[in-house]
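Some notes on the structure that comes next.
Quick note: the coordinates plus some simple rules give every number you see, no bench work behind them. This structure is a prediction, so every number in the text was calculated from the model and none was measured. As a convention, Cβ positions derive from the backbone with ideal geometry for all residues, glycine included, and neighbour counts pool all protein chains shown.
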Amino acid sequence: TIQQPSWGLTAALPEQGAETTPPPSARDAAIWQAAQERLRDRVSSAAWGLWLQHVRLVAACAGRVQLACPAVGVAETFEQRYSGDVTEVLGDLLGCDVEVEWA
């Protein structure tokens, strides 16, 4: 099944019964919400709406953070343009150096 997100990129949805990524823990969700609030202040509203608001945190453990995007193009652009900001913000929130991975 193909879904057309409101911002124009095509994302494939998993087939019914397919394995999906579990939701983040409450701690991880709180960390990502705080990170998003800080990131929103660092980028234009257009960049926020197009790239950053659609990224989600999958897990954060031992300095390694897994992020997911609804489409490959978003992940590639996000990583090229905003990985430094994300790494810095998450490192500040977690209190350690952070390595960002894409799930």
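What is region 34-103 by shape, rounded, prolate or oblate, if you read a ≥ b ≥ c off the alpha carbon gyration tensor as root eigenvalues and call it rounded for a/c under 1.5, prolate for a/b larger than b/c, and oblate otherwise?
Working: a/c = 1.94, a/b = 1.27, b/c = 1.53.
Cα axes put region 34-103 in the oblate bin.
Could you give the length gained on full extension between GLN80 and GLN53, defined as 0.36 nm per residue of separation minus the Cα-Cα distance, in nm? List each step's numbers first, then the result.
Details: separation 27, 0.36 × 27 = 9.72 nm, distance 1.60 nm.
That pair, GLN80 and GLN53, stretches by 8.1 nm at full extension.
From the phi angles alone, apply the Karplus equation (6.51, -1.76, 1.60; θ = phi - 60°) to region 52-63 and give each ³J(HN,Hα) in whole Hz, x where the residue is Gly or Pro.
7, 5, 8, 7, 10, 8, 8, 7, 9, 7, 6, x
In nm, to one decimal, how far is the modelled label at ASP92 from the one at ARG40, with both set 7 Å along Cα→Cβ?
Placing both labels 7 Å along Cα→Cβ, they lie 1.6 nm apart.
From the backbone phi of region 24-34, what are the Karplus-calculated ³J(HN,Hα) couplings (6.51 cos²θ - 1.76 cosθ + 1.60, θ = phi - 60°) in whole Hz, Gly and Pro given as x?
Result, rounded to whole Hz: x, 5, 4, 4, 5, 4, 5, 4, 5, 4, 5.
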